[in-house]
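Contents: one structure, followed by commentary.
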Amino acid sequence: MSIYRQEEREINDGQFRAKTDNVKNILQILKTMNFRDQANVVLSPSGIKVTVENVKCAQANAFIETDLFQEYEIEEEMVIFKLNLTSWIECLNIFGGGSAGAASPSLKMVYRGHGYPLVLELEEDGVVTDCEIKTEEPEDTLDFDFFSTGVMNKIIMRSECLKEVFTDLDVTSEMMEILMSPDAPYFRVSTFGNYGTSQTEISMESELVEHFECKQTLKQRYRMSLIKPSIKPLTAALKVSVRMDARGFLCLQFMIRTESHHICFIEYFCCPEEEDGDD
Amino acid sequence: MKAVLNIFKGIHNLERTVQRCKLTLKWEDAKLVIQLTCHYGIVKTHNLSFIECDALQAVYDKESCPNHMVSDSRVLLGALSSFHQQTLEEISFCFTPRNLILKSHVEEPDPSKVVHTVVTLTRGEFEDYNIMSNCELTVCLKEIRALLAFTGSTGISTKAYFSGPGSPIIFTYDSKPLYEGTLVLATLVQKAEVGTQPASKSSHEPRASTSIRKASSEVSVRKNNLPNSASDDGDVTEVQDVTFPLENSRVEEIPHQQKDAVRDDTSHSEPVVPLSRNNHKTAQEEEEDSDTVPSSPPAKRSKFFFRRCFEATFNPDTLPGHNIILAEDSDEGD
């Protein structure tokens, strides 16, 4: 008993402490990001930001805000570290999916500071598990500088239509082309597969389009392998916002409602494919 | 085909979301354009390239076929569902004036290794049944199942026209004015008889068991030709008067008076390859079996029970009492 109390004291002396009653919320979000093993984690007073990068050409960010937690304390202005996302997800999932009626495990996370592991404590029905995940020096993440050029086409639509488009994509196609234009066809996704080309057009008059703002016609190709990781958060999302800037960079923002009806956002940036193959 | 299938996959989804489908053929670009107009203002356009090819012209004439049959596709489909889908490639349709017997057709020298299925449909099951002479046709299962899956789902009948093994069997269906189709399948040519098949055994011996079986001539043939074959057969043939073995299945019980029909059938049909393994034995065979000494169990069984002996680390010298000999080796050549 005395040992336990001592550990508890240690745990409470951290730079960061957070507690939530339902680990499934966070688990759901992190799972959609798990296309790479490593993730950068930024802890700040407004919440947790998890960043996963894909060969320096694409980046996914998940924002887990403080209202998801019952307790959230942080001493520093910002704490950044890198850890193994797959391990984190496995630890959070340690009690398994659980049946629908079962009580979901509660989660407590503590981070004592630079060099210390991220300590997780999960509890379900009196069973307690604690895990420590090693943290590493954070990696530099790309800054897509999305707002600088000023020109941007933006469409907000319900996720159903984009889900259909993305899940039906021709797998033999290496590239995916997205066109956003103030004139017809307004929004078009094209693939170029072995058997021929396929296109899906979504008109701005469609009921599923909630917001349409295109200033100029922008058409850009993206590598399918870079877009594929965005399908997971898309399937979990309610709404998605598609933005393209003048350089052709794509930003997909997914609005996800968690199990306990909190709203979380996941952002996905993608570099366009250069036409002439130059770097 | 794959490209088109990909476009139309998820048929239930398509039913809900697609409002219109427009097919356009663009000769100059060599493209087939399929345009699906869906709900919510979504339009999907697929441009598929096509190439010219020589069409296969099958030579057949359904009017010249002496035999034909019309059936509700669901009846045939139900009968086919008894056949194991993944592994079975060919199926035999054995037509007699009284009934149609569907048998699984497997080219496997050892029938005990595969599951054989036999399904019988009496002529009453068919809308029209016009068989001039018995014939047994073996066709590819996948194709006929695909045809029946389609016609069965739409509820139309399937007609079959055929003459005999080696000649094509022609399946047709039509639901004018919407569509009609013809499937011409090649049938397996009957191979010559296998080994020494004593004609007497096939039909005239009194049946030992009361249940109906297919001809057992193949069983005896195999025993003569392959004395070293897996004695699973040996085990089985010694069992007498067995009711249905697990492998054989039936759609319905056949009353006794049809025994003759089946027997006639067997005398006509020659085994292409040993078809169904079964426990049927004639009285003559049973007598023979009681004289034979059961041979050693099949390798598989002995390997299971004496597993340890086959392991590389097994050293008989480590067993206690290994040096006590209870029975000397018998003389060689015995």
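Rule-based calculations on the coordinates, nothing more; no lab input. Quick caveat: nothing in here was measured; it's all calculated off a predicted structure. Note: ideal-geometry Cβ built from the backbone for every residue, glycine included; neighbour counts use all protein chains shown.
With Cα atoms as the point set, the radius of gyration and Dmax of segment A:14-62 evaluate to 12.1, 36 Å. Computed from point charges on the beta carbon alone (+1 for Lys and Arg, -1 for Asp and Glu), the dipole magnitude for segment A:139-254 about its Cα centre is near 60 Debye.
Couplings for segment B:28-40, taken from phi via the Karplus curve 6.51 cos²θ - 1.76 cosθ + 1.60 with θ = phi - 60°, read 5, 8, 6, 10, 9, 9, 10, 10, 10, 9, 10, 4, 6 Hz in order; Gly and Pro are left as x.
Close amide H partners of B:Glu90, meaning residues 5 or more places away or on another chain with modelled amide H under 5 Å apart, are B:His105, B:Leu141. Derived from the Cα gyration tensor, the three semi-axes of the equivalent ellipsoid of segment B:105-182 are 26, 16, 13 Å, largest first. Among the chymotrypsin sites (Phe, Trp or Tyr not before Pro) found in segment A:174-233, not one is both in a DSSP coil and sparsely packed, with 16 or fewer other Cβ atoms within 10 Å of its Cβ. Taking every C-alpha pair closer than 8 Å and separated by at least 6 residues, the mean separation divided by the residue count of segment A:54-189 gives a relative contact order of 17 percent.
Could you tell me how far the Cα centroid of segment A:52-74 sits from the Cα centroid of segment A:226-247, in Å? Rounded to whole Å, the Cα centres lie 16 Å apart.
Each 5 Å bin from zero up to the one holding the largest Cα-Cα distance in chain A carries the following percent of pairs: 1, 5, 11, 15, 17, 14, 11, 9, 7, 5, 2, 1, 1, 0, 0.
Give the residue list of GluC sites (Glu not before Pro) in segment A:181-273 that are DSSP loop and have at most 15 other beta-carbon atoms within 10 angstrom.
Working: sites: A:Glu201, A:Glu205, A:Glu207, A:Glu210, A:Glu213, A:Glu259, A:Glu267, A:Glu273; in loops: A:Glu205, A:Glu207, A:Glu259, A:Glu273.
Counting only loop positions with at most 15 other Cβ atoms within 10 Å, the GluC sites (Glu not before Pro) in segment A:181-273 are A:Glu205, A:Glu207, A:Glu259.
Counted over segment B:54-180 with a bin width of 5 Å, the fraction of Cα pairs per bin, in whole percents, is 2, 10, 19, 23, 21, 13, 7, 2, 1, 0.
Just want the ordering: A:Val55, B:Val115, A:Val50, from fewest to most Cβ atoms lying within 10 Å of their own Cβ. Walk me through the intermediate numbers first.
Values: A:Val55 10, B:Val115 16, A:Val50 21.
So the residues, fewest neighbours to most, are A:Val55, B:Val115, A:Val50.
Here is the list for segment A:132-215: trypsin sites (Lys or Arg not before Pro) lying in DSSP coil, each with at most 16 other C-beta atoms within 10 angstrom of its C-beta, are A:Lys134, A:Lys215.
Overall shape of segment B:1-110 was characterised from the C-alpha gyration tensor. The equivalent ellipsoid obtained from it has semi-axes of 40, 21, 17 Å, in decreasing order.
Cα centroid separation, segment A:103-179 to segment B:31-97: 46 Å.
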